[in-house]
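Each remark here refers to the structure printed beneath this line.
The values are calculated or read from the model by the stated rules, or taken from the named source; none is laboratory data. All values derive from a computational prediction rather than experimental measurement. No Cβ is skipped: glycine too gets one built from the backbone with ideal geometry, and neighbour counts run over all protein chains shown. With ligands, DNA and RNA removed, areas are computed over all heavy atoms of the protein, side chains included. Shrake-Rupley method; radii C 1.70, N 1.55, O 1.52, S 1.80 Å.
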Amino acid sequence: MPRSSPTDDRGRRTTRRTSIVVATVTLVIAVGAGVGVLALRRHADGDVASTPPSVATTTVTRADLSDTRSLNGTLGFGPERVVKGAGEGVVTRLPKVGDTVARGKPLYRVNDRPVPVLFGGTPLFRTLDRPGLVGSDVRIVWDNLKALGYHTGSQPSRDTDGTKIGTGQAVLTGSLVAAIKKWQKAVGLEPTGTIGVGQVAVLSGPARVSAVKALPGDPVAGELLAVTEKVKLVTVPVGATEVGTITVGAAVVVALPDSSEIPAKVASISQTVRGGGPDGGTGQGSPPTVDVLVAPTRAADVAKLDAAAVQVRFTTSVHKNVLAVPVGALVALREGGHALQLPDGELVAVETGMFARGLVEISGAGVTEGLDVVTAS
């Protein structure tokens, strides 16, 4: 193969340099043309032609906002209540844990005689043995026998001496004495028509035996057993200063251990404050609390749970039909307060109210339902 001469090599190098220069000039011209085109697009129509970046918007709406609070509770049968015996005698039979307590039925036996249950708030504190007696204890007997279906007769409005019968009281009439005799015979007692102290047990309502504290052979005068509510309840300790925001009958939501939620209602609010110091019950130095009892709406929802730690969500306040936007639509102002930003960039000052479920209540001049505002995307 013939070797190339130095003159040929110099010619090829000159040709390559020429090509590179031409390519470079072409690239510069192309870039310059592109910049010129961009400059024309930006300035041909002035600033009006500039396209602002797109923003996310939302609408001011009307909504019902509610403030909620979740508190820990315990599912069970509620707090225990001790049942004490009275009078004289020896306990001969006691119920078993889990037994239910029914109106008019025996709860335990003393000297082998049944002690039936009446419902009410006043224990029998004297022997009812004389027609004409007036009092709240007589009313307990009258109400219960009437509820059991016995003919108790009507109640006079005044006593034999003309004194007006007080609210919550009743008179031991002949008809009531006759009803007592029929009831005593039905429950296995001697139908004397009189009721002595300790011959009946007065409870606040249907109950379930939760503990037995005495033994057969013990004197009747003492603690015999403890009862709870018959249905399952959730006990929620609530701060004594906060319990005022909760009302009996209010709807609540109970979150079970499996994360499911069930409807419930506030059944009762205790009048006893616990904690708060050495004289405030349990927990020296702990903040004072009040027990709130919550009843599931459907007993079947908790049928498979004997006891469990749960959470109860209370609604403490409701603001109805207020203007609201997502919290992300609020703009914090440097001088303080908040505003809404309109799509054209204008700011509208607002006052904020309740925050709930990612929404915030707003008000202010120019803020109306349906107004479009910018929100965080």
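By a 1.4 Å probe calculation restricted to protein chains, Lys265 has an accessible surface near 110 Å², given to the nearest 10. Inverting the pair-averaged 1/r between distinct Cα atoms of the range 262-377 gives 18.7 Å as its Kirkwood hydrodynamic radius. Using r as the Cβ-Cβ distance of Glu335 and Ala365, and R0 as 25 Å, what FRET efficiency do you calculate, to the nearest 0.05? Efficiency computed from Cβ-Cβ geometry: 0.90. Expressed as a whole percent, the accessible surface of the range 106-166 that belongs to carbon and sulfur atoms is 48, based on a 1.4 Å probe. First measure r as the distance between the Cβ atoms of Leu342 and Ala308, then evaluate 1/(1 + (r/R0)^6) with R0 = 56 Å and state the FRET efficiency to the nearest 0.05. About 0.65, to the nearest 0.05. Full extension of the chain between Ser204 and His151 yields a length gain of 16.8 nm, computed as 0.36 nm times the residue separation minus the alpha carbon distance. What Kirkwood hydrodynamic radius do you get for the range 67-124 when you take the inverse of the mean 1/r over all pairs of distinct Cα atoms, in Å? Radius from the Kirkwood sum: 14.4 Å.
A Cβ-based charge dipole, computed about the Cα centre of the range 188-268 with Lys and Arg at +1 and Asp and Glu at -1, lands at about 100 debye. Local charge for Gln155 was computed over the other residues whose Cβ lies under 13 Å away, with Lys and Arg +1 and Asp and Glu -1, and equals +2.
Report the gain in length on full extension from Ala178 to Thr59: 0.36 nm times residue separation, minus Cα-Cα distance, nm rounded to one decimal.
So the extension gain works out to 35.4 nm.
Quick check: at a probe of 1.4 Å, how many percent of the accessible area of the range 239-377 sits on carbon and sulfur atoms? Carbon plus sulfur share of accessible area: 53 percent.
Between Lys230 and Asn72, the modelled labels are 3.3 nm apart [label points 7 Å from Cα along Cα→Cβ]. A simple spin-label model places pseudo-atoms 7 Å from Cα toward Cβ; at Arg130 and Thr316 they are separated by 5.7 nm. The slack in the chain from Arg298 to Glu242, taken as 0.36 nm per residue of separation less the alpha-carbon distance, amounts to 17.4 nm.
The phi-based Karplus calculation (6.51 cos²θ - 1.76 cosθ + 1.60; θ = phi - 60°) puts the 3J(HN,Hα) values of the range 340-350 at 10, 9, 7, x, 8, x, 5, 9, 10, 5, 9 Hz, whole numbers, x for Gly and Pro. Each residue, Val90 and Ala376, gets one label point 7 Å from its Cα in the Cβ direction; the gap between the two is 7.8 nm. Accessible area per residue for the range 116-243, computed on protein heavy atoms with a 1.4 Å probe, is 48 Å².
Within straight-line reach of Lys96, meaning a Cα separation under 23 Å, sit the following lysines at least 8 residues removed in sequence or on another chain: Lys84, Lys105, Lys213, Lys230, Lys232, Lys304.
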